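To start, the structure under review is shown below, and the notes come after it.
The values are calculated or read from the model by the stated rules, or taken from the named source; none is laboratory data. This structure is a prediction, so every number in the text was calculated from the model and none was measured. Note that each Cβ is placed from the backbone with ideal geometry, even for glycine, and that neighbours are counted across all protein chains shown. Ligands, DNA and RNA are stripped out before the accessible areas are found, and what is left, the full protein with its side chains, is counted by its heavy atoms. Shrake-Rupley method; radii C 1.70, N 1.55, O 1.52, S 1.80 Å.
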Amino acid sequence: MAKITLLNVLSDAGGAQCLEIADRKLTVLAGPAKSGKTVILRAIAGLDQRARGEILIGEKKVDDLAPSE
């Protein structure tokens, strides 16, 4: 597994999210309803298109790739 980095990923709540998940670390996304948890997970999986932001897995930018890639 590689480090996952989100830079200014737009959420449904209207705010931009920045997050770094270290390699081999368990991470929990917690928050109230409509805070953007599912949007972040769908964006990492490549299932959700965002208006702006970058997602990196390792050093590779993946926000423009299809989920199968």
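Points to keep in mind about this one:
- With at most 15 neighbouring Cβ atoms within 10 Å, loop trypsin sites (Lys or Arg not before Pro) (DSSP) excluded, longest segment of the chain: 4-23
- Using a probe radius of 1.4 angstrom, the carbon and sulfur fraction of the accessible surface of the chain is 53%.
- For G46, no residue whose modelled amide H falls within less than 5 Å of its own remains once neighbours fewer than 5 places apart on the same chain are excluded.
- Comparing G53, G31, G15 in a Gaussian network model of the chain (Cα springs below 10 Å), the most mobile by mean-square fluctuation is G31.
- Matching label, log10 I(q)/I(0) by the Debye sum over Cα atoms at q = 0.12, 0.16, 0.22, 0.27 Å⁻¹ computed from the structure shown, candidates [x] -0.42, -0.64, -0.94, -1.21; [y] -0.28, -0.51, -0.97, -1.37; [z] -0.37, -0.61, -0.98, -1.32: [y]
- Solvent exposure of the chain amounts to 70 Å² per residue of accessible area, where only protein heavy atoms count and the probe is 1.4 Å.
- Under 5 Å, built H, 5+ apart or other chain: amide partners of L10: Q17, A51, R52
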